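The values are calculated or read from the model by the stated rules, or taken from the named source; none is laboratory data. In this text, all values refer to a predicted model and were calculated from it rather than measured experimentally. Cβ coordinates were reconstructed from backbone atoms using ideal geometry, including for glycine residues, and neighbour counts include every protein chain displayed. Note: accessible area is taken over every heavy atom of the protein model, side chains too, but ligands, DNA and RNA are not part of it. Shrake-Rupley method; radii C 1.70, N 1.55, O 1.52, S 1.80 Å.
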Amino acid sequence: MARGEADRGWAWAIVVGVTVINLAVLPVQQCFGLVFAERFASLGITATQTSLILHLNGTITCSLGLISGPMMKRFAFRKVAYFGGLTVVLGICAAAFAMSLPTLIVTYCIIIGIGQGIIFPATSLAMNTYFRRKRNIAMGFSVTMTGLGPILMPLLIDVLLENYATTGTLLILAGIATHSLVGASLLKPFEEREKVSSRGLSFHFQRLILANEVTDVSGKRNGARIEATSDEEAEPRNDSFQCRLMNEETVSEERRQSSVRLENGKAEPEERTSILKRIATNLDLDLLRDNRYLAIVLGMSISLVAEVNFNAMIPFVLAELTSLDRTSIATVMSIQAAADITGRLCVPLLAQKAGWTCRNLYLISLLGSTFGRTILSTWGNSYVVVIVVSLIVGVAKGTKAVFQALIIPDYVPLERLPAASGIQMVCNGILSISVGPIIGVVHDVKNSYVGALYFTSFLSMSCVFLWMISGLWTSCGKLLRLPRRGLPVE
């Protein structure tokens with residue numbers, strides 16, 4: 001596939017593949033509280049330990065972000081997606097038989113976390129590689145189709161838990177996760193046809209060179225004019241041969257000198273500096289020099305901790321504040337997922353007409369989820385209020401799901417995107433394990449999820465204030481971008 005054929009052709013098969021992977025892999029994470037609620041209660045796992053399991057999984061998933069950039073350069077995203085999908089399936093099967101906190105940490109946090117940390121960067125890079133102008137439309141379609149899963153999965157999991165308990169439910173979810181291999185099969189590497197075209201181009205040049213050589217041979221037979229031309233062409237060949245010999249002698253001399261320095265045990269600081277520079281170049285750590293990029297990463301990481309914790313803990317929150325049974329909680333989660341779909345479909349169209357940037361819509365979604373949590377913590381004892389809150393939070397969640405995946409690609413050039421996404425994932429992991437369990441501690445200290453909801457809202461609003469101070473909440477239509485590598489950073 002050539003670069004000029006982006007946004008069409010096989011690019012839409014990539015959208016289908018990414019959607020299948022998300023629908024297969026995400027149900028365990030999206031319905032975390034619903035799946036493990038009974039097992040956690042039987043094992044006596046506290047809210048702090050639940051937050052630890054949840055955020056340790058996110059930390060391990062994000063900790064692989066630092067190596068995702070070099071991994072994508074070494075392997076095609078199809079192979080990476082295959083390996084990640086198999087790891088997730090293995091982790092879900094092992095988690096089905098986990099009957100203690102340590103085994104839950106090993107299975108759900110470590111194995112599933114590693115699989116998710118491998119497969120998600122592959123799908124993100126595939127989408128951003130195949131799409132240029134229609135990236136927003138493609139991402140909106142993918143996350144919208146992915147949002148169909150949370151509508152049906154809570155009701156399905158409720159039926160599965162009723163008939164097969166937690167162990168059988170997780171084994172069935174592992175079977176569903178196996179379909180991620182089908183989605184991975186559609187992630188055809190973008191460079192395949194480029195390599196074919198480059199081979200054809202090189203073959204064309206070889207034919208031209210061969211034709212020129214035949215012409216030179218025939219010219220030698222015709223007269224001295226062509227012989228003079230061939231003599232002139234021989235000189236640069238001899239010169240190039242001499243230059244190659246000089247370069248080889250220089251390289252051998254440098255190797256000999258470096259070996260002598262190593263034998264004497266006197267490694268020079270320049271060598272260590274060059275190694276550090278090579279590492280910094282491969283990881284593209286120059287991104288950390290840009291203050292706006294740092295503000296984007298820190299703000300998204302802090303808000304991600306808050307939003308992921310709230311979405312995963314909704315069954316526990318509703319069971320405590322409203323005393324709803326499991327079937328009613330599953331119904332509320334399905335209603336929220338339906339509102340999520342509405343947000344994913346309608347908000348991007350309205351945003352495109354209004355000319356709002358992805359960062360502005362992301363901040364507005366944080367304000368909406370904060371507003372919904374405030375209503376839930378104040379008037380959460382009414383079932384009608386719970387339905388209204390689920391609608392508000394669902395629309396905000398859908399808006400955030402569409403635009404959070406576009407914030408880094410809109411600010412960072414494509415060639416720096418793997419490294420930028422990797423740094424963001426590492427920051428997500430660090431803040432998830434350091435800040436996330438505090439939400440559970442707040443619940444255990446206050447003995448109520450009301451304080452935990454207020455603390456979660458505080459974390460979300462901190463992203464809004466940080467981006468306002470950094471100037472990232474721009475006026476409509478104004479798009480800030482990071483320069484390409486090699487250019488000065490703003």
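Miscellaneous remarks
- Taking the accessible area of the stretch 285-480, probe 1.4 Å, and keeping the other protein chains in place, the carbon and sulfur fraction comes to 69%.
- For the listed peptides 364-376, 33-45, 389-401, a ranking on the average number of other beta carbons within 10 Å per residue, highest first, reads 389-401, 364-376, 33-45.
- Packing here is the average count of other Cβ atoms within 10 Å per residue, and on that basis the peptides 110-120, 378-388, highest first, run 110-120, 378-388.
- Surrounding net charge for V18, when Lys and Arg each add one and Asp and Glu each subtract one, Cβ distance under 13 Å: +3
- Projecting label points 7 angstrom from Cα along Cα→Cβ for T178 and R78 puts them 2.2 nm apart.
- Taking 7 Å steps out from each Cα toward its Cβ at S434 and K353 produces label points 4.4 nm apart.
- Taking amide hydrogens as placed 1.01 Å from N in the peptide plane, the amide H of C31 sits under 5 Å from that of no residue at least 5 positions away in sequence or on another chain.
- In order along the stretch 413-425, the phi-based Karplus estimate (6.51 cos²θ - 1.76 cosθ + 1.60, θ = phi - 60°) of 3J(HN,Hα) comes to x, 4, 5, 9, 5, x, 5, 5, 5, x, 4, 4, 5 Hz; Gly and Pro are listed as x.
- Cα-based equivalent ellipsoid of the stretch 285-480: semi-axis lengths in Å, sorted from largest, via gyration tensor: 30, 20, 13
- Extension reserve of the L294-D444 stretch, reckoned as 0.36 nm per residue once the Cα distance is removed: 50.7 nm
- Close amide-amide hydrogen proximity is noted between L472 and no other residue 5 or more places distant or on a separate chain, at a cut-off under 5 Å (H modeled in the peptide plane; Pro and chain starts excluded).
- Backbone phi angles across the stretch 346-361, fed through the Karplus curve with coefficients 6.51, -1.76 and 1.60 (θ = phi - 60°), yield HN-Hα couplings of 8, 4, x, 5, 5, 5, 5, 6, 7, x, 7, 7, 4, 5, 5, 5 Hz in residue order; Gly and Pro are listed as x.
- Listed pairs K400/K446; K134/K188; K353/K400; K134/K400; K73/K277; K188/K277 exceeding 22 Å between Cα atoms: K400/K446; K188/K277
- Distance between the 7 Å Cα→Cβ label points at V385 and K277: 6.3 nm.
- Backbone geometry of the stretch 295-306 corresponds, through the Karplus equation with coefficients 6.51, -1.76 and 1.60 at θ = phi - 60°, to 3J(HN,Hα) couplings of 5, 4, 5, 5, x, 5, 5, 5, 5, 5, 4, 5 Hz, x marking Gly and Pro.
- Overall, the accessible surface of the stretch 1-191 at a probe of 1.4 angstrom is composed of carbon and sulfur to the extent of 72 percent.
- Accessible area in square angstrom per residue, the stretch 95-145, 1.4 angstrom probe: 35
- Relative frequency of Cα-Cα separations exceeding 21 Å in the stretch 352-416, percent: 37
- Debye log10 I(q)/I(0) for the stretch 76-201, one point scatterer per Cα, at q = 0.09 Å⁻¹: -0.35
- Computed with a 1.4 Å probe over protein heavy atoms only, the accessible surface of the stretch 285-480 comes to 38 Å² per residue.
- Built amide H within the under 5 Å cut-off of R132, gap 5+: D7
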